[in-house]
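In what follows, a single structure is set out as structure tokens and then discussed.
The values are calculated or read from the model by the stated rules, or taken from the named source; none is laboratory data. These numbers were taken from a predicted model, which means no experiment stands behind them. All Cβ positions, even for glycine, are placed from backbone atoms using ideal geometry, and neighbour counts span all protein chains on display. Remember, those area values only see protein heavy atoms, side chains included, never the ligands or the DNA or RNA. Shrake-Rupley method; radii C 1.70, N 1.55, O 1.52, S 1.80 Å.
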Amino acid sequence: MSVYVRPMHREDIAQVVEIDRESFPTEWPPPNFRRELENWLAHYIVACDSERTVDSPEVEVSPGKGPGGLVSSVKRLFGRHPLTTNQRQSKEAHHILGFAGFWIMADEAHITTIAAREEHRRQGIGELLLISIIEMATELKAGSITLEVRVSNTSAQKLYSKYGFTQVGLRRGYYTDNKEDGILMSTEDISSAQFQTRIKQLKEARA
Ligand SMILES: CC(C)(COP(=O)(O)OP(=O)(O)OC[C@H]1O[C@@H](n2cnc3c(N)ncnc32)[C@H](O)[C@@H]1OP(=O)(O)O)[C@@H](O)C(=O)NCCC(=O)NCCS
């Protein structure tokens, strides 16, 4: 399996919703991804299997947004499969293995969602998505990255801890479906040499 990361587009939504449904079954209905993709504060990415294709609706694809364009940012980071201009996507698309999103608010990147397809968990997809977010947030000059995670979601917490997130707060009853508490996690200053060295080492270890 050869996996690459690129910005999410409208034609990806059906596959993304599938992953969202199996990943967050109690948080249905899903976020309005169509609206999120039009939101200039939000950045969404997908991890795709370049060796597997699926049928996809034909949709006009617009260029990246934000400073330098998210597309160019992802192109620089991953160097493959860029979509650089308005173009028609073919009816075949790559199988999406996971997706993630974050918002840039003031100088903070806040991860809104991250999920890997159930049958592809523990294969490094979550890690690849998180590395991508960290690199994009660094390019966008965010100071830190934050997120909320369910107290019961220890696998996700382990992923975040591995990448330098620590608990900075507890939001009581944050999740409305079961009133579960949310742990607020944050990185240190992501531009610091210490943080960047850690990410470089983790990235190399992963490669
Ligand atoms: C959290 C999630 C995205 C991780 O994705 P993944 O592709 O399975 O994770 P990876 O294979 O990249 O694992 C990376 C690290 O995460 C941690 N991790 C992931 N799954 C784990 C598990 N089941 N048990 C323990 N640690 C786990 C480990 O630290 C792992 O590093 P290691 O392999 O060196 O031990 C995935 O479990 C998922 O989609 N869960 C449902 C959605 C969700 O809960 N999202 C988080 C919302 S806050």
Exercise. Out of all the residues in the stretch 152-168, which are closer than 12 Å to Leu184 by Cα and away from the ligand (no atom under 11 Å from the Cβ)?
Worked result: Thr166, Gln167, Val168
Exercise. Of all residues in the stretch 123-153, which are open to solvent by 10 Å² or more (accessible area, probe 1.4 Å) and closer than 20 Å to Val16 by Cα?
Worked result: Gln123, Gly124, Gly126, Glu127, Leu128
Exercise. Take the residues of the stretch 100-122 that are part of a loop (DSSP other than H, G, I, E, B) and more than 7 Å from the ligand (Cβ to nearest atom): which is surrounded by the fewest Cβ atoms within 10 Å (Cβ to Cβ)?
Worked result: Ala106
Problem set entry | Matching residues in the stretch 164-198 - criterion: being part of a loop (DSSP other than H, G, I, E, B), surrounded by fewer than 18 Cβ atoms within 10 Å (Cβ to Cβ) and hydroxyl-bearing (Ser, Thr, Tyr) | Thr176, Ser191, Ser192
